[in-house]
Amino acid sequence: MPELPEVEAARRAVEENCLGKTIKRSIIADDTKVIDGVSPSDFQASLLGKTIVAARRKGKNMWLELDSPPFPSFQFGMAGAIYIKGVAVTKYKRSAVSDSDEWPSKYSKFFIELDDGLELSFTDKRRFAKVRLLKDPASVPPISELGPDALLEPMTVDEFVDSLSKKKITIKALLLDQSYISGIGNWIADEVLYQARIHPLQIASSLSRESCESLHKCIKEVIEKALEVGADSSQFPSNWIFHSREKKPGKAFVDGGRTTAYVPELQKLTGTKSGKEPNKPRKQSSKGYEDEDGDKEPVNEENTGRAKAKKNQNTTKGAARKSRAKSNSEENDSDEDGDGGKEDKPVKMAKRKQTKTEEASKKLKTSRKSTQSRKVKK
């Protein structure tokens, strides 16, 4: 999933290649899952003749500032990516677009051609991204709800230590919370915790000042190093745990679910404060699903279909259990009463009670007769 370095690399590529150029052609996909709140025709019309004056970013979101609003904004989701034909934006996903590549890609959601012939496309294979047309992207959700950007608005060491001391949740979950710090996703969280030798399940408030300071330093170093190499993961330092996420060597434990990578021998839990293993499946909220970085996926046919299928499956299983229980009950009733389970339960219970009472009465009479017979013989 694109995280701060990947999105920042895209922003810098746009800044280096597209500023001051005018949009002369645009193609917006007819995909309401990704293109949010505006028709393709209206979106296209609003871009034509506009000049790109800046490329902005906060967290994992980016937008193009034009010479007049509204502005196109991009929430990268799980697989969003910016490509500029002939320009290598980032090698984390793919290198520069070559002449042999399909262009624009069938996954393109936003395409523009500039007055010098340069072409830019935003693609999304998984369709969890959002492309919007907004008057002021920073003033509305999701950008307005983000915490300070991990690169542009870092907390001071003292602010960071004080903030962590008040958080009663696991440190990795906190780092993934975009309302706390924006831009950190799954691989960055794992990397900085590994570099700082902190267990991902350690409760934030239980961290020592030394650990907090180390984590603060590692966040800065990991992000800056990733940006230094243009978010090209093949150039990340060889001692980063990032490279273990796919290879899964013996020294690293790679958990399912949230794909948490850490080394138990080096990242030890301290004290008694720790959370549960981070291998729970995505949880559903009223607005959608959370992906592995804690971001909410939009409600759409794919994930609501998953939820409905699961619900139907559970309902079917529940109905089957009830049916079996009912069948067993009816069989028992049929065996004891010989009525094939047709009588109401209260009637059956009354019959059983009556039968037991009659049997007890017979036993009592038999016992009395036996006693009287013994007395007569004497």
Check your understanding: Given the residues D124, D158, which is the only one that is free of Cβ contacts under 8 Å to residues at least 60 places away in the same chain and out of contact with any Pro (no Cβ under 8 Å at 6 or more places or on another chain)?
Key -> D158
Review point. For the range 8-21, which residues satisfy the criterion of being assigned to a helix (DSSP H, G or I) and either in the same structural domain as V229 (by the TED database) or not β-branched (V, I, T) (or both)?
Key: E8, A9, A10, R11, R12, A13, E15, E16, N17
Check your understanding: Does V140 satisfy the condition of being of a type outside the set (D, E), out of contact with any Lys or Arg (no Cβ under 7 Å at 6 or more places or on another chain) and either at pLDDT below 95 or on the phi < 0 side of the Ramachandran plot (or both)?
Key -> yes
Practice item. Read through the list (1) in contact with a Lys or Arg (Cβ under 6 Å, 6 or more places away or on another chain); (2) open to solvent by 40 Å² or more (accessible area, probe 1.4 Å), then give the number of the only condition that G20 fails. Key: (1)
Review point. Here are some residues: D67, D36, D42. Which one is surrounded by fewer than 21 Cβ atoms within 10 Å (Cβ to Cβ) and under 27 Å from the mean Cα position of the chain (by Cα)?
Key: D36
Exercise for review: Pairs only if they're at least six apart or on different chains, beta carbon under 7 angstrom, first in the range 46-57 and in the same structural domain as E8 (by the TED database), second part of a loop (DSSP other than H, G, I, E, B) and surrounded by 20 or more Cβ atoms within 10 Å (Cβ to Cβ); list them, first residue then second.
Suggested key: I52/C18
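The values are calculated or read from the model by the stated rules, or taken from the named source; none is laboratory data. This is a predicted model, so every value here is computed, not measured. All Cβ positions, glycine included, derive from the backbone under ideal geometry; neighbour counts span all protein chains shown. The protein model used for the area step is the full one, side chains on, heavy atoms only, and it has no ligands, DNA or RNA in it. Shrake-Rupley method; radii C 1.70, N 1.55, O 1.52, S 1.80 Å.
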